Structure formats: C-alpha cells, structure tokens
Amino acid sequence: MTNRYKDAGVDIKAGYESVELIKKHVSKTSNLGSNAILGGFGGIFDLSKYNYNQPILVSGTDGVGTKLELARTLNCYDTIGIDLVAMCLNDIVTVGAKPLFFLDYIAIHKNIPSIIEQLVKGITTALKSCDCALVGGETAEMPSVYEEGGFDLAGFVVGAVEKEDMIDNTNLVKPNQVIIGLPSSGIHSNGYSLVNKIVKDENLDLMKQYEGLDTTLGEALLCPTKLYVNETLELLDNVKVKAMAHITGGGFYENIKRATHKYGAKINLDNIDILPIFNFLQEKGQLELMEMFSYFNMGIGMIYIIDEIDVDKTLSLLKGSYVIGEVTSQEDIVIC
C-alpha cells in the first residue's frame, strides 16, 4: 500500500493513536443518558433517563478564539479545553438549562497524538465537573488550511430545562431589581486579539512575573475560564432568578444589555473588584477604563438579576459574589 495520503500531509495512523489516547478521558464523562461508546457515526443520548415532564432543549456552540495563539506559543495545551467547555456551558445555563452532552471539533495542521490528548483531557475534566457527557467529536488534519503548529477548537453543547422553569428575561426583568456579580478567574476567552497585540507591541515577556501579578504573564493570560454551571443550578433551585448574563465578548455593555432587554442598568464602578491582569493590560495598552469594560469581563464572569428580597440568600449561595448594580428604567448600561 502506498503512503500517498501521508505524503499529502494526513497521517491516518496518528489519528488512530489519538483516538486510543483519548478513550480513557472520554469514558470519565459518562452520565445517566450517555452510552460512553466512542467511535460511532453519531453521539447517542437517552433523554428519557431524566425526569423531565416538558423538556426544552437548549443548545450552544463556541470556540476559544485567538487565546489558542498563546497556548501554541507557550506549548501549553492542557487548559484550553476547559475554556472551550466553559464558553459553551456558561452560555446555556443562563436560561436555566442543565448541560447534558457535548461534542468537540479539533482542526489541526498535523495530528500530534500527545497534543490531541492534552486538549481532550482539558475538555473532559471540565465536562466531568458538570456531569456533562462527551458523546462525540471530530479531529480534522488539514495541512493545506492551517500553518505548521496551527489549530482551532469548537464545541457544541445540548442541555435541557423544564418548560415552566426556563428563564425568559423579556417578561421577568423590571427596574430596581438587583444585579449580582460572580467573579471571573481572569480574562477567560474573549478579547485575545487585543491581548496578543498588546503583548507583541509592548514586547512583553510571557515568562516574566510583572509587578502586580501573582504569576508569570503567560500563566495569567492562559488561566482557564471559570465554569458557573453547578453554583448557578443550585441557585435556581432556591431563588427565582429573573435573568443572567455570561460576560463574554462585548464586555459589560453588550452582555448585561442582553439580560436587561428593554431596560438598562446602573453599575457601581466602586463595587467592581477589577483583577490585576486587567489593570496591567490597561496600562500597557494605554486604554481608557470604559474601553476596557467594552472588551473584557474586568473580574465579573457572570451576573444574576434578582429581586431585592432575595439578595442575602443569593449572596450566601454564590460564594464570592457581590452586588454590582441595579436595573434601571432607562435603556443604557451606565458604569459610574
């Protein structure tokens, strides 16, 4: 048999090796509805195993964006899969959905089994923590599309929520309701085109621990996205949340507006505990503070809108959370 396919840049044997390496990680994500079989043509999930009366399926898809460039530069691939999962799961939980199963897509210049294993290990570590099953995926070796060392990740999640419990912010959000913020772990997975530009333009050393940072710059920038699934679902069991927002691309202005819908919000700047990495990037990039709030989460990864009567209970359930503002009758998001 000839090696013409390998000569074209695709190593089938490396693909087989990758599958064998990731099987032990995938099996750890098995949950009530999954069959934990890897290698079929379709991922199977049995929704009847869950006690839903009128289940509404909620789906989401996302990637990690140009944070991948940092992972590649630092040759560190074991946390980027956590980012992928968190970006998808944090989105669908905002309507009250419990994540049930997940699929991943890895496109890469050259299939290097050890790198594929690290990527999938991060994915499965995050999924296991939320009782969400990895039921399938695809690894595509595309040397004519990606440059040497280049790759991309995409994820797809499906969750479910009882129809009567689904959060519809168009009807629930009202002026004077309270906005609670839950801290982020860092930059998460948005704004990295700007981050990478600042690092390049200012000739910053990723291996150096700069003043004000607790770790090296590279470690601070690669810190994985926090998962908010478990604490959010627990909160929903105890408090009538009116709306939620995952603070991703677009920062405070775009994402909080998605939660307040036809209303606005007043965010108390003095209440925001801005993480050191954002102060560092603002200084090095010579950016205005409000500009930063347009691009980054600034230390708040998820917000919850609740009635004032539920504030104390919410703060006790969401460890580390605090009040950051309130819903207003105006349409604008104001940070002051």
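The values are calculated or read from the model by the stated rules, or taken from the named source; none is laboratory data. The model shown is predicted, which means the values in this text are computed figures rather than measured ones. Methodologically, a virtual Cβ is constructed for each residue, glycine included, from the backbone with ideal geometry; neighbour enumeration extends over all protein chains shown. Areas reflect the complete protein model, heavy atoms only, side chains present, ligands, DNA and RNA absent. Shrake-Rupley method; radii C 1.70, N 1.55, O 1.52, S 1.80 Å.
In nanometres, what is the gap between the two model label sites at Thr73 and Ile274, each 7 Å from Cα along Cα-to-Cβ?
Computed distance between label sites Thr73 and Ile274 equals 2.2 nm.
Run the accessible area of the stretch 83-160 with a 1.4 Å probe and give the carbon-and-sulfur part as a rounded percent.
C and S fraction of accessible area: 55 percent.
When you take every Cα atom in the stretch 221-282, what is the radius of gyration, and what is Dmax, the widest Cα pair distance, in Å?
14.1, 39
Relative to the longest principal Cα axis of the chain, at what angle does helix 251-260 sit, 0 to 90 degrees, rounded to 10?
Around 60 degrees separate the two axes.
Rounded to the nearest 500 deg cm²/dmol, what is the calculated helix-only ellipticity per residue at 222 nm for the chain, with -39500 (n - 2.57) per DSSP H run of length n ≥ 4?
That calculation yields -10500 deg cm²/dmol at 222 nm.
Kirkwood Rh, Cα Rg: Rg to Rh for the stretch 118-199?
Ratio of gyration radius to Kirkwood radius for the stretch 118-199: 1.07.
Comparing Thr94, Thr125, Thr215, which has the greatest mean-square fluctuation in the GNM of the chain with Cα pairs linked when under 10 Å apart?
Thr215
With each pseudo-label sitting 7 Å past Cα toward Cβ, what's the Leu32-Glu331 distance in nm, one decimal?
4.4 nm
If amide hydrogens are placed 1.01 Å from N in the peptide plane, which non-local residues have theirs closer than 5 Å to the one on Val135?
Long-range HN contacts for Val135: Phe102.
Hey, what did the chain get for relative contact order, percent, Cα under 8 Å, at least 6 apart?
22 percent
Leaving out ligands and nucleic acids, and using a 1.4 Å probe, what accessible area per residue does the chain come to in Å²?
48 Å²
Per the 1.4 Å probe, what fraction of the accessible area of the stretch 172-273, in percent, lies on carbon and sulfur atoms?
44 percent
Just Val178, Val239, Val323 to compare: in a GNM of the chain, with alpha carbon springs under 10 Å, which one fluctuates most?
Maximum fluctuation in the GNM of the chain, among the listed residues, is at Val239.
Note down the accessible area of Arg258, probe 1.4 Å, to the nearest 10 Å².
Accessible surface of Arg258 is approximately 150 Å².
The stretch 161-227 to the stretch 95-141: how many Å between their Cα centroids?
After rounding, the separation between the Cα centres reads 21 Å.
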